[in-house]
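A.B. asks: Here it is, the structure in full.
No value in this document is a laboratory result; all are computed from the given coordinates. Because the structure is predicted, anything quoted here is derived from the model rather than measured. Because the Cβ atoms are built from the backbone with ideal geometry, glycine has one as well, and the counts that use them run over all protein chains shown.
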Amino acid sequence: MTEFLASHQHVLWFASNVLRACLLLAVVTVVFAPLEHMFAVRPGGLFERGWSVNLGWYFFNGLFTTLLLTPPALLIAWLIHSTLPGAVTGMAAGLPLWARMVAAMVVGEIGFYWGHRWSHELPLLWRFHAVHHSAEHVNFLVNTRGHPIDLVFTRLCGLTLLYATGLASPVGPNPSLVPMLVLFIGSLWSFFIHANVRWRLGPFEEIIASPAFHHWHHTLEDHKDHNYSSMLPFIDRLFGTFYLPRTWPKDYGTSTPVPETLIGQLLEPLAPAALGRPTAPVGRSNQA
Ligand SMILES: [Zn+2]
Ligand SMILES: [Zn+2]
C-alpha cells in the first residue's frame, strides 16, 4: 500500500488539488449565485455568454498557475536578499502578526496596483491582460478568467514589495504564512468585486473595494484606466486613478480583439502574428 501511494504521489497530489478547486467552486457558487439572482446589477444568470470559458480558466489557473508563480517568486526573493541590506529586509521581523498582515495588505496592494496599471499601459503586458477584460458579462466567475502570465506578473509585483520590505519571506520560520494569507484574502474578495451584485458600501467604498468600484474597471472604454486596486481603493485615490460615480457602467468588455475559446486565449497572446487576431471587437451593452 505504501509503495502504491509513493508511486502515485503526483496523481494523488493532482487529485487533491482538483478536489480542493471543486470545493472552493461549490462554496463561491453557493454564496454568490443566490446573491446575483436576488441583487443583480442587470438581468442574467450563471450561464451568460462566456461562462464555459470562465469555468475553464477557473480550473486551469487554480491547478497550474500557482505552480508557475513559485519559481520566479523564489528567484526574486533570493535576488532581494542578496542585494538589499539585512536591516531593510528584516525591519518587519519584530512586528506582531496582525501588524504585519495590515502592512502586508497595503504594501502588497501598492505592488499589485502598479503591476495592474502597467498591464494596461504597456502593450506587451496588455496583450495578456486583455483576456481578463474580454468578458462581456461581469460576474463572480470572471475573477479567475485571466492569462497565467498576466496573473503571475501582477502577483509578482505585489510579492516583490513584500519581500523587499521584509513583510514576507519564502525562507525562515513560517516562511509563507503572510503572503499566503494576503493572497487568500485578496482572492476571496476578488470574487465579490466581480459579482453581478448591486450592493454599494457607502462611505466605505473609499476604503474597501466594492463590485461597483471594479465593474467600472471593466467598462468597455471610458474608464478602464481607473480603479486598478483589488481591495484598497484609496491606493487609486493616492495615484489619481479613482473613479466611482453612483451609476453603473453601460458596457463591459474590450475593443481589443480576443479569441473566444480558452485555448485561443492561452496561445494567441504568446504569438499573435502567427495565430492571427480576429477582427471583431468584443463588448456588450447593459441596455441591450
Ligand atoms: Zn485591468
Ligand atoms: Zn476584473
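A.B. asks: In whole Hz, with x marking every Gly and Pro, tabulate ³J(HN,Hα) for segment 250-267 from phi via Karplus 6.51 cos²θ - 1.76 cosθ + 1.60, θ = phi - 60°.
C.D. replies: 3J(HN,Hα) across segment 250-267, in whole Hz: 8, 10, 10, x, 9, 7, 5, x, 9, x, 8, 8, 5, 5, x, 5, 6, 8.
A.B. asks: Using each residue's phi in segment 149-163, evaluate 6.51 cos²θ - 1.76 cosθ + 1.60 at θ = phi - 60° and report the 3J(HN,Hα) Karplus result to the nearest Hz, with x for Gly and Pro.
C.D. replies: Residue by residue, segment 149-163 yields 5, 5, 5, 5, 4, 5, 5, 5, 4, x, 5, 4, 5, 5, 5 Hz.
A.B. asks: Can you tell me the order of 159-166, 121-128 when each peptide is scored by its average per-residue count of other Cβ atoms within 10 angstrom, highest first?
C.D. replies: Details: 159-166: 22.5, 121-128: 14.6.
Final packing ranking: 159-166, 121-128.
A.B. asks: Long-range amide H contacts for Asp251: which residues qualify at under 5 Å (H placed 1.01 Å from N, peptide plane, sequence gap of 5 or more or a different chain)?
C.D. replies: Residues meeting the criterion, in which the H sits 1.01 Å from N, are Leu220, Asn286.
A.B. asks: Give me the distance between the Cα centres of segment 7-70 and segment 195-258, rounded to whole Å.
C.D. replies: 23 Å
A.B. asks: Additional query: In debye to the nearest 20, how big a dipole does the chain give about its Cα centre with +1 on each Lys and Arg Cβ and -1 on each Asp and Glu Cβ? Each step should come with its number before you reach the end.
C.D. replies: Working: 16 positive and 16 negative charges, 43 e Å.
Dipole about the Cα centre, nearest 20: 200 debye.
A.B. asks: Using the Karplus equation 6.51 cos²θ - 1.76 cosθ + 1.60 (θ = phi - 60°), what ³J(HN,Hα) coupling, rounded to whole Hz, does each residue of segment 92-98 give in order, writing x for Gly and Pro?
C.D. replies: Each residue of segment 92-98 in turn: 9, 4, x, 6, x, 4, 5 Hz.
A.B. asks: So what are the three principal axis dimensions of the chain from its Cα atoms, in whole Å, longest to shortest?
C.D. replies: 56, 52, 42
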